[in-house]
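The structure appears below as structure tokens.
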Amino acid sequence: MFNYAIRRLLIAAPTVLLISLIIFSLLKLAPGDPLADMPLTIPPEVREKMRAVLGLDEPMLVQYLLWLKQFFFIEPINIFDALFGTHFSAGTLRIISWQTRSPVFDLIAMRLLQTLWVVGLAYVVGVLIALPIGIASAYKPHSIFDQLGTFLAMVGLAVPSFFSGVLMILVFAVYLGWFPSIYNTNLVVNSWSSFVEQLRQMAMPVMVLSVQTTAQISRYLRSSMLENLGQEYIRTARAKGMGEMVVVLIHALRNSMIPVVTIVALGLPSVFGGAIVTEQIFKVNGIGQLMISSIYAGDVPMVQTLAFIFAVLIVAFNLIADLLYGVLDPRIRYD
């Protein structure tokens, strides 16, 4: 497996570079000027200096290589220091947001915690609920529980998050008044009451996101478990006198987790990417909302960086999923 991991890493490196080149090229060719919103009173020579600081006067290939260096070798250099000539070095300048004139990674770091609180918790809750539902539905197929689980899963997959989110706001925030309709990003958790308030404002977005995760994973697990429960090795394990819990939860579940691992691994980058629609509905100041506002503002460096981070995460979790296949199923060998 070690040799396989090395080979995959060697393949992943040029893949990531190719993705970065595509992302950079497409967004660089899009219309937009970082100095368009600057006051007209700024002298032309200052504008040219600012354009040079941002690296916009360089050829496209040089800009791309500089962007890669800025992405992988982050150094704490301030844009205002660069503009006024102190500590200036175009090769080490951090990636700067056109919209806020602040370092891109600083803005992402500030938003990431809110996204992990909401989207990350929703994903964990969805997976933990989906596993027992999928196992129980496969163990007793066509039962009332299975039919009810199938119906709820279809509803969860069919209803879009923008509709279920607004519906929850109307029911639980407007009519019942149980939860706040808008997420308070400035809330500081430093006491029991503030912790309870944090849970209250997280409840609705977590419910909206976890429903879709639960519906998807439970259906995949049910299908995989049904297939494995009918295999010869399961009948052999039962014939040897093994307990039903051991047969189902160890032998059948372990091999049934392979497609589930694929779904979970490919879904994990979305946790860091944020739920764009849900964050907009509940006003969660996370990565998803940062992406939307950056697209609206034409903030090319921010969009480039976020898109590249998502691509790197997808490649990385794909590799992790492939390695887990061999751990879960002893029949899979890479070397």
Give the residue, chosen from Ser181, Ser210, that is assigned to a helix (DSSP H, G or I) and either modelled with pLDDT of 85 or more or within 24 Å of Asn285 (Cβ to Cβ) (or both).
Ser210
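Can you pull out the residues in the stretch 178-224 that are basic (Lys, Arg) and buried (at least 16 other Cβ atoms within 10 Å of the Cβ)?
Answer for the stretch 178-224, where residues must be basic (Lys, Arg) and buried (at least 16 other Cβ atoms within 10 Å of the Cβ): Arg219, Arg222.
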The lone exception for Lys140 - which of (1) within 29 Å of Ser223 (Cα to Cα); (2) surrounded by 12 or more Cβ atoms within 10 Å (Cβ to Cβ); (3) touching a helix residue (DSSP H, G or I) at 6+ places or on another chain (Cβ under 8 Å) it fails:
(2)
Select the helices (runs of 4 or more DSSP H) contained entirely in the stretch 33-134, then report the ones holding at least 3 residues which are surrounded by 14 or more Cβ atoms within 10 Å (Cβ to Cβ) and at pLDDT 75 or above.
60-72, 104-115
Hey, Tyr175 hits all of (1) exposed (fewer than 13 other Cβ atoms within 10 Å of the Cβ); (2) touching a residue at least 60 places away in the same chain (Cβ under 8 Å); (3) not charged (D, E, K, R) but one; which does it fall short on?
(2)
Considering each of Val284, Val303, Val247, Val264 in turn, give the residue that is crowded, with 17+ Cβ neighbours inside 10 Å and part of a loop (DSSP other than H, G, I, E, B).
Val284
Would it be correct to say that Thr115 is within 24 Å of the chain's Cα centre (by Cα) and among the hydroxyl-bearing types (Ser, Thr, Tyr)?
yes
So for the stretch 144-166 (the condition being assigned by TED's automatic domain parsing to the domain that holds Ala265 and not in a helix (DSSP H, G or I)), does at least one residue qualify?
yes
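The values are calculated or read from the model by the stated rules, or taken from the named source; none is laboratory data. The model shown is predicted, which means the values in this text are computed figures rather than measured ones. Using ideal geometry, Cβ is built from the backbone for each residue, glycine included, and neighbour counts are taken over all protein chains shown.
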